[in-house]
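Below: one structure, written as structure tokens.
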Amino acid sequence: MGCSICRTRLNFGRALSKVSLFFTMLLIFMYFFYCFSGLCNSIPRTQFNLQTLTPEYASQNELKERDGSAVRSVSYDEVLLASSSIQPQIPDSIERESLPSNGISVSNTFGSKKFPQAIIIGVKKGGTRALLEFLRIHPDVRAVGAEPHFFDRFYDKGLEWYRHLMPRTIDGQITMEKTPSYFVTKEAPSRLCALNCQTKLIVVVRDPVTRAVSDYTQTLSKSPGLPSFETLVYKNATSRTIDVSWSAVRIGMYAKHLENWLQHFPLSSFLFVSGERLVSDPAGEMGRVQDFLGLKRIVSDKHFYFNQTKGFPCLKKPEGSSRPRCLGKSKGRTHPHIPAEVLQNLREFYRPFNLRFYHMSGQDFGWD
């Protein structure tokens with residue numbers, strides 16, 4: 001009798017152990033299922049505040065005093081990883097380009113957001129958009145699609161805001177952005193150097209006369225009632241004095257703007273890309289760019305074909321697509337007719353600036 005009771009209890013204990021094991025395995029299975037399906041991300045996480053960082057951690061990310069304002073050193077990459085609760089505002093134009101229709105970033109899983117190691121700083125209507133699109137083919141380049149305009153328009157928003165605009169990168173990848181107006185903005189060099197004086201700077205330059213006409217053509221497409229090019233280019237129509245206050249003229253005075261940048265960055269920090277060669281020999285010019293950035297030469301002839309209608313090269317394999325693609329309708333506009341005398345006067349005005357720029361950059365672009 002006693003043995004029968006013992007056996008019953010033993011069997012019940014074994015059954016209870018099997019039930020417990022079953023439920024334990026079930027819970028483990030459900031946990032892994034939720035994790036693999038991405039639902040683990042909904043689990044609350046500890047939020048950090050920059051103000052509550054320990055003295056030891058804060059000392060590694062101490063502030064630098066530059067130009068009378070406090071600026072974080074580049075080493076505070078780690079701080080942003082700890083401060084995931086900070087959500088700076090992003091311009092609509094950038095947000096739309098970096099986020100898909102569901103509002104969730106497609107690259108929010110791997111890597112981290114870093115300040116750009118290289119920036120295309122100029123010039124407007126020189127070929128900066130084409131250069132950026134060509135560079136984005138390279139697997140080791142991640143770039144902001146829209147122009148952040150941080151160092152000229154939105155500097156007061158702070159470095160946190162600026163970094164948040166950057167794409168995530170992994171080891172071996174370069175973060176880049178382009179804002180052509182940086183080159184002609186007086187405050188941009190000192191502001192950028194306060195962040196990182198080792199930043200690599202790319203300037204796409206083009207015959208300043210052609211560039212000015214292209215600039216005017218773009219503005220005319222948006223404002224059909226704009227005065228003629230001849231009216232705007234002259235400060236005094238009688239004396240034929242060129243109006244340097246007109247931005248279409250001022251931007252092409254490359255030597256003047258470069259002087260401002262060389263007060264903060266050495267010449268070795270710059271690569272001057274020919275806008276003309278970017279059209280006639282995109283692979284050759286892209287080879288120079290990849291060498292300057294320390295990248296393997298991946299972007300080559302196989303990526304380009306020349307579009308006779310538009311008059312410039314297009315991509316056979318643009319980023320994220322297997323179909324050929326040219327730049328938008330705004331590229332390759334037909335220029336309005338401008339009297340040859342006006343163009344010649346403008347060319348004579350630019351000649352001393354061009355020669356000086358050739359000397360400063362160490363390159364003869366052959367515009368004269």
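If you go through the stretch 241-261 and keep only what is in a loop (DSSP other than H, G, I, E, B) and either surrounded by 22 or more Cβ atoms within 10 Å (Cβ to Cβ) or on the phi > 0 side of the Ramachandran plot (or both), you end up with Ile251, Gly252.
Scanning the stretch 156-184 for residues that are under 25 Å from Ala248 (Cβ atoms) and surrounded by fewer than 21 Cβ atoms within 10 Å (Cβ to Cβ) returns a single hit, Ser181. Across the stretch 238-279, the number of residues qualifying as closer than 15 Å to Ile121 by Cβ and among the acidic types (Asp, Glu) comes to 1. Of all residues in the stretch 338-368, those that are loosely packed, with under 13 Cβ neighbours inside 10 Å and among the hydroxyl-bearing types (Ser, Thr, Tyr) total 0. Do we have Leu232 as surrounded by 14 or more Cβ atoms within 10 Å (Cβ to Cβ), without any contact (Cβ under 8 Å) to a residue 40 or more places away in the chain and touching an Asp or Glu at 6+ places or on another chain (Cβ under 9 Å) here? It is true that Leu232 is surrounded by 14 or more Cβ atoms within 10 Å (Cβ to Cβ), without any contact (Cβ under 8 Å) to a residue 40 or more places away in the chain and touching an Asp or Glu at 6+ places or on another chain (Cβ under 9 Å).
Here His335 meets the list (1) modelled with pLDDT under 95; (2) over 26 Å from Pro352 (Cβ atoms) almost entirely, failing just condition (2). Quick one: is Gly275 modelled with pLDDT of 95 or more and in contact with a Pro (Cβ under 6 Å, 6 or more places away or on another chain)? No. Here the stretch 128-151 is the region considered, the condition is being among the small types (Gly, Ala, Ser) and either outside any loop (DSSP other than H, G, I, E, B) or surrounded by fewer than 18 Cβ atoms within 10 Å (Cβ to Cβ) (or both), and the residue that is modelled with the lowest pLDDT is Gly145. Within the stretch 262-293, track down each residue that is part of a loop (DSSP other than H, G, I, E, B) and free of Cβ contacts under 8 Å to residues at least 60 places away in the same chain. Pro266, Asp281 - these are the residues of the stretch 262-293 that are part of a loop (DSSP other than H, G, I, E, B) and free of Cβ contacts under 8 Å to residues at least 60 places away in the same chain. Scanning the stretch 157-212 for residues that are outside any helix (DSSP H, G or I), within 17 Å of the chain's Cα centre (by Cα), under 30 Å from Leu346 (Cβ atoms) and aliphatic (A, V, I, L, M) returns Leu201, Ile202, Val203, Val204. Kindly check whether there is at least one residue in the stretch 207-217 that is among the basic types (Lys, Arg) and surrounded by 22 or more Cβ atoms within 10 Å (Cβ to Cβ). Checking the stretch 207-217: at least one residue is among the basic types (Lys, Arg) and surrounded by 22 or more Cβ atoms within 10 Å (Cβ to Cβ).
The values are calculated or read from the model by the stated rules, or taken from the named source; none is laboratory data. Note that the coordinates shown come from a computational prediction; the quantities given were computed from them, not determined experimentally. As a convention, Cβ positions derive from the backbone with ideal geometry for all residues, glycine included, and neighbour counts pool all protein chains shown.
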